[in-house]
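**Q** Questions regarding the structure given below will be posed in turn.
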Amino acid sequence: QKEVEQNSGPLSVPEGAIASLNCTYSDRVSQSFFWYRQYSGKSPELIMSIYSNGDKEDGRFTAQLNKASQYVSLLIRDSQPSDSATYLCAPDLTDKLIFGTGTRLQVFP
Amino acid sequence: DAGVIQSPRHEVTEMGQEVTLRCKPISGHNSLFWYRQTMMRGLELLIYFNNNVPIDDSGMPEDRFSAKMPNASFSTLKIQPSEPRDSAVYFCASRWTGGNQPQHFGDGTRLSIL
């Protein structure tokens, strides 16, 4: 089993819809979780972090964490074509992050 | 604040040549990471340093790859001799490991080995 599992996609959603991106992880000691967005030809950039079970909202983004289920998700409300990118989930193993392979999101007008 | 700075941005060279990639981490960060990204394999961690000391180099593909961090503000990743299969985007990232801190990535070096 991979340490971090993400559906590679592409996940296609219409503009204005909610995009739901999911991630499961195998390590039980992860305390922090990060979501990165990577546009084609660019480097990954941090968009959300979450440390506690439950939801964390930042603008149109909501991160959800369930440590018991080893599951973290990212919701993007009112999706825009500019949200089209690959989204990487990254649990923190204290000394390093473990990156998933990413989910490619396509938002069509 | 300046972010992670990588150079060169692009490198095209012939097979067999030595390639040196450079990275300047964010000031105050004590961990530095080198990644390689390809379409086939995604983002792979090659090696990382804590306080300038290499901690885990298990991701380094072969002895042709080596990395150094002579001080807190500079690191190099060297490939010698280079091969076409080394063509990829190489990212450097840094972070402060004081707890719950994200990694910050440089813009990457796009390497093409002909």
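The values are calculated or read from the model by the stated rules, or taken from the named source; none is laboratory data. Note that this is a predicted model, so its numbers are computed, not measured. Ideal geometry is used to build each Cβ from the backbone, glycine not excepted, and the neighbour counts take in all protein chains shown. Remember, those area values only see protein heavy atoms, side chains included, never the ligands or the DNA or RNA. Shrake-Rupley method; radii C 1.70, N 1.55, O 1.52, S 1.80 Å.
**Q** Residue check, A:ARG104 against (1) within 14 Å of another protein chain (Cβ to nearest Cβ); (2) under 16 Å from B:ASN100 (Cβ atoms), all met but one. Which one?
**A** Every condition holds for A:ARG104 apart from (2).
**Q** Turning to a different aspect of this structure: Taking region A:24-69, which residues are touching a residue at least 40 places away in the same chain (Cβ under 8 Å), within 14 Å of chain B (Cβ to nearest Cβ) and not in a strand (DSSP E or B)?
**A** Scanning region A:24-69 gives A:VAL29, A:SER30, A:GLN31, A:SER32, A:TYR39, A:SER40, A:PRO44.
**Q** Let me ask something else about it. Just the residues that are surrounded by 21 or more Cβ atoms within 10 Å (Cβ to Cβ) and of a type in the set (A, V, I, L, M, F, W, C), please, taken from region B:72-91.
**A** B:LEU77, B:ILE79, B:PHE91 - these are the residues of region B:72-91 that are surrounded by 21 or more Cβ atoms within 10 Å (Cβ to Cβ) and of a type in the set (A, V, I, L, M, F, W, C).
**Q** Can you tell me which condition A:ARG104 does not meet? The list is (1) without any contact (Cβ under 8 Å) to a residue 40 or more places away in the chain; (2) within 24 Å of B:GLY108 (Cβ to Cβ); (3) of a type in the set (Lys, Arg), and all the others hold.
**A** All conditions pass for A:ARG104, except number (1).
**Q** Condition first: without any contact (Cβ under 8 Å) to a residue 60 or more places away in the chain and within 14 Å of another protein chain (Cβ to nearest Cβ). Can you find one or more residues in region B:64-79 that meet it?
**A** No, there is no match, as no residue in region B:64-79 is without any contact (Cβ under 8 Å) to a residue 60 or more places away in the chain and within 14 Å of another protein chain (Cβ to nearest Cβ).
**Q** In addition: Can you tell me which residue in region B:92-114 is farthest from the other protein chains (Cβ to nearest Cβ), limited to those that are without any contact (Cβ under 8 Å) to a residue 60 or more places away in the chain and not small (Gly, Ala, Ser)?
**A** Among those residues, the one meeting the criterion is B:GLN101.
**Q** Next question. Right, B:SER94: open to solvent by less than 60 Å² (accessible area, probe 1.4 Å) and within 18 Å of A:ASP92 (Cα to Cα) or not?
**A** Yes; evaluated as a whole, the condition is true for this residue.
**Q** Among the numbered conditions (1) modelled with pLDDT of 95 or more; (2) within 12 Å of chain A (Cβ to nearest Cβ); (3) over 23 Å from B:GLY16 (Cα atoms), tell me where B:VAL89 comes up short.
**A** All conditions are met except number (3).
A quick yes/no check of all residues on (1) over 9 Å from the mean Cα position of the chain (by Cα); (2) open to solvent by 30 Å² or more (accessible area, probe 1.4 Å):
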position	(1), (2)
A:GLN64	yes, yes
A:SER69	yes, yes
A:VAL72	no, no
A:LEU75	no, yes
A:TYR87	no, no
A:ALA90	no, no
A:ASP95	yes, yes
A:ILE98	yes, no
A:ARG104	yes, yes
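**Q** Anything in region A:5-48 that is open to solvent by 10 Å² or more (accessible area, probe 1.4 Å), over 19 Å from B:LEU43 (Cα atoms) and modelled with pLDDT under 95? List them, or say none.
**A** Residues satisfying the conditions are A:ARG28, A:VAL29, A:GLN31.
**Q** Which of the residues that make up region B:36-71 are under 25 Å from A:LYS42 (Cβ atoms) and among the β-branched types (Val, Ile, Thr)?
**A** Matches in region B:36-71: B:THR38, B:ILE47.
**Q** Inspect all residues belonging to region B:17-36 and state whether any of them is open to solvent by less than 20 Å² (accessible area, probe 1.4 Å), of a type outside the set (Asp, Glu) and over 25 Å from A:THR101 (Cα atoms).
**A** Scanning region B:17-36, I find at least one residue that is open to solvent by less than 20 Å² (accessible area, probe 1.4 Å), of a type outside the set (Asp, Glu) and over 25 Å from A:THR101 (Cα atoms), so the answer is yes.
**Q** Run B:GLY59 past the list (1) within 12 Å of another protein chain (Cβ to nearest Cβ); (2) in contact (Cβ under 8 Å) with a residue 12 or more places away in the chain; (3) more than 11 Å from the chain's Cα centre (by Cα); (4) not in a loop (DSSP other than H, G, I, E, B) and report the number of the one that doesn't hold.
**A** Here B:GLY59 meets the rest and fails (4).
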